[in-house]
Ligand SMILES: Nc1ncnc2c1ncn2[C@@H]1O[C@H](COP(=O)(O)OP(=O)(O)OP(=O)(O)O)[C@@H](O)[C@H]1O
Ligand SMILES: [Mg+2]
């Protein structure tokens, strides 16, 4: 097997120098003490993976996980502290914003400079210039100094240059995050066509659906360590599950704090009926706080009626995090007649296919008297939850309209 890229037990250490704004006193005192050693920080620790020729691989992980550092090692902007990084073939890289171009040179001059760094003469790049300007859509700004470019313009030109030189390996770091929708699509098309031509692709993105469709394999970096190396879908699923798990911990904590805060705006009522527990039940059948669009969601309300209450009304509400109420069904509106409540009981509101899209929401629950004017117990937005949409779902707004198209 011929590898394009090999990471063998790669570690990268940065030395963090303490800030130097010490006072005069501290400096004088410092003369008597040994200088403090710079703190060390391991951005990557013992990371190993291989990328075969023609394969596309993604690096995923939280902010600061070490993804960009790994790319800089591939492009030799950085050297590993230990271990080895091998790379075969001509590499074109589109790294973080601000690297790659000289700010005081014009776009045009940077095209030639970049070309020469990759071994292409002026004449070679002249032949490519029209195509580069055309793809980037940069127009007459090609003759402006790039320090005056917007981040979108900068990225457009950088991507056009990097992909114009027929590289064997294309390395991109979060390019898609900066461009607008149209440009993102153009970039993706080009990356896909590179893939079809058998080029090796290294892709860093927080766009996990794209990772899934574009990449064969993925490396999940966590605090500088490779937590999982494997098939792209498998790694993305595992990473998402962990992100969701961490988010659930935070959401549950927030819900508990709100419920026990005693804040009367969040919980009000005379408590003849007391809501003692609320569960948001998903496809797994258990209480959860992270849902997928179109997953079932049941709001389960456990209550205790401390006395016999005739014809109570139970309701729920779902608010978007921005505050607006998306829906507020109750048993009375639905014509569900509850003769009376006494002692412990459970009421459920079941949504077969949750229509909510990507976002943060909060559920409310309430028990009211039959006129719906007197609250026994009203928990206002005490149950936060998150919805993730996956590929194939609608992407704009808060609800999936789920209509069908005819053409
Ligand atoms: N030159 C440097 N000196 C000191 N620390 C650095 C340096 N470059 C990166 N780091 C640190 O290394 C860690 C990894 O950074 P890196 O940029 O690789 O993360 P990342 O995974 O690309 O994150 P993001 O998703 O935010 O882009 C961070 O904690 C960062 O502060
Ligand atoms: Mg980064």
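Filtering region 135-152 to residues that are in contact (Cβ under 8 Å) with a residue 40 or more places away in the chain and either in a loop (DSSP other than H, G, I, E, B) or surrounded by 15 or more Cβ atoms within 10 Å (Cβ to Cβ) (or both) leaves 135, 137, 145, 146, 149.
Once region 185-226 is narrowed to residues that are part of a helix (DSSP H, G or I) and within 14 Å of ligand 1 (Cβ to nearest atom), the residue that is modelled with the highest pLDDT is 211. The lone criterion from (1) under 22 Å from residue 95 (Cα atoms); (2) without any contact (Cβ under 8 Å) to a residue 40 or more places away in the chain; (3) in contact with a strand residue (DSSP E or B) (Cβ under 8 Å, 6 or more places away or on another chain) left unmet by residue 228 is number (1).
Here residue 295 fits the description: on the phi < 0 side of the Ramachandran plot, surrounded by 15 or more Cβ atoms within 10 Å (Cβ to Cβ), modelled with pLDDT under 95 and assigned to a loop (DSSP other than H, G, I, E, B). One residue stands out in region 50-67 among those that are within 19 Å of residue 83 (Cβ to Cβ) and surrounded by 19 or more Cβ atoms within 10 Å (Cβ to Cβ): the one that is farthest from ligand 2 (Cβ to nearest atom), namely 51. When 162, 158, 182 are checked against the criterion of being within 16 Å of ligand 2 (Cβ to nearest atom), assigned by TED's automatic domain parsing to the domain that holds residue 103 and either farther than 22 Å from residue 72 by Cβ or at pLDDT 85 or above (or both), 158 stands alone in meeting it.
Could you please let me know if residue 171 is modelled with pLDDT of 90 or more and within 16 Å of ligand 1 (Cβ to nearest atom)?
On the way: modelled with pLDDT of 90 or more: yes; within 16 Å of ligand 1 (Cβ to nearest atom): yes.
For residue 171, the condition - modelled with pLDDT of 90 or more and within 16 Å of ligand 1 (Cβ to nearest atom) - is met.
Determine, yes or no, whether residue 93 is within 16 Å of ligand 1 (Cβ to nearest atom), crowded, with 22+ Cβ neighbours inside 10 Å and not in a helix (DSSP H, G or I). When the stated conditions are applied, residue 93 passes them.
With 277, 307 as the choices, which residue is loosely packed, with under 15 Cβ neighbours inside 10 Å, within 16 Å of residue 349 (Cα to Cα) and touching a residue at least 12 places away in the same chain (Cβ under 8 Å)? First the steps, then the outcome.
Details: 307 fails: within 16 Å of residue 349 (Cα to Cα).
After ruling out the rest, the residue left standing is 277.
The values are calculated or read from the model by the stated rules, or taken from the named source; none is laboratory data. Keep in mind that what you see is a predicted model, and the values were worked out from it rather than measured. Note that each Cβ is placed from the backbone with ideal geometry, even for glycine, and that neighbours are counted across all protein chains shown.
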